[in-house]
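Peer 1: I am attaching a structure below and will ask some questions about it afterwards.
Coordinate-derived values only; no laboratory data. What you see is a predicted model; the values in this text were computed from it and never measured. So basically every Cβ, Gly included, is an ideal-geometry build from the backbone, and we count neighbours across all protein chains shown.
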Amino acid sequence: MKFLRLSQILIILLLSSNLIADEIKLDKKNTEFNIYTGMFDFSDDGKRSTLIGFQHQNENLYRNTFLGNLSPITGAMITADNATYFYTGVQAQYKIGNLNLTPSFTPGLYDQGNGKDLGHILEFKSEVQLSLDLPKESQFGFSYNHLSNASLGEKNPGANSYMFNFLKKF
């Protein structure tokens, strides 16, 4: 039931995104929002749970390096079991025609809520996303990530997740 309410909020955010951008009156489209939903820890039959999340990227802060175009990202996700993860880190962007390959690494704070115990409050998320350019500065994508505490805790079970992403620039 809680996930249904969160899904309704996600839909309202998607529909109102253009209104918000018009009110802010940004001169350039330099901010990207990523709204995603999927399955948290799909490889664990006992602890899998649906999730939704939100991520922000400010393209004014990007840097071209020998690794590609790097930029900071910040976001949060919540599962239907009330597990939460708040993170900030870096992503690289590689454009291949209308396709975008976006790997990222983000340390963050995890609270298990009623979900899976990952062994530590500090967790690291490694993710890869493949997205397709759409009209009006939008993208639709699929991503996979792994959450792990790098053996900082007494246990380190990790969690594998997949998500469907909608990205929009403002």
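Peer 1: Just name the residue that is surrounded by the fewest Cβ atoms within 10 Å (Cβ to Cβ) out of those in the stretch 145-166 that are out of contact with any Leu (no Cβ under 9 Å at 6 or more places or on another chain) and assigned to a strand (DSSP E or B). Don't jump to the end; show me each part of the working.
Peer 2: Residues of the stretch 145-166 out of contact with any Leu (no Cβ under 9 Å at 6 or more places or on another chain): 145-146, 151, 154, 162, 164-165.
Those still in the list that are assigned to a strand (DSSP E or B) too: 145-146, 162, 164-165.
Numbers: 145: 20, 146: 16, 162: 15, 164: 13, 165: 20.
Filtering first and then ranking leaves 164.
Peer 1: Which pairs turn up if I take residues in the stretch 112-141 that are over 30 Å from residue 152 (Cβ atoms) and look for partners that are assigned to a strand (DSSP E or B) and acidic (Asp, Glu) with beta carbon separation below 8 Å, at least 6 apart in sequence or on another chain?
Peer 2: 139/133
Peer 1: I need every pair where a residue in the stretch 34-51 that is basic (Lys, Arg) has its Cβ under 8 Å from the Cβ of a residue that is assigned to a loop (DSSP other than H, G, I, E, B) and surrounded by fewer than 22 Cβ atoms within 10 Å (Cβ to Cβ), sequence separation at least 6 or different chains.
Peer 2: 47/81; 48/42
Peer 1: Sticking with this one: Loosely packed, with under 14 Cβ neighbours inside 10 Å, at positive phi and free of Cβ contacts under 8 Å to residues at least 60 places away in the same chain: which single residue out of 97, 68 fits that description? First the steps, then the outcome.
Peer 2: Working: 68 fails: loosely packed, with under 14 Cβ neighbours inside 10 Å.
The unique qualifying residue is 97.
Peer 1: From 60, 82, 114, grab the single residue that is touching a helix residue (DSSP H, G or I) at 6+ places or on another chain (Cβ under 9 Å), not small (Gly, Ala, Ser) and not in a strand (DSSP E or B).
Peer 2: On the way: 60 fails: touching a helix residue (DSSP H, G or I) at 6+ places or on another chain (Cβ under 9 Å); 114 fails: touching a helix residue (DSSP H, G or I) at 6+ places or on another chain (Cβ under 9 Å).
Among 60, 82, 114, only 82 is touching a helix residue (DSSP H, G or I) at 6+ places or on another chain (Cβ under 9 Å), not small (Gly, Ala, Ser) and not in a strand (DSSP E or B).
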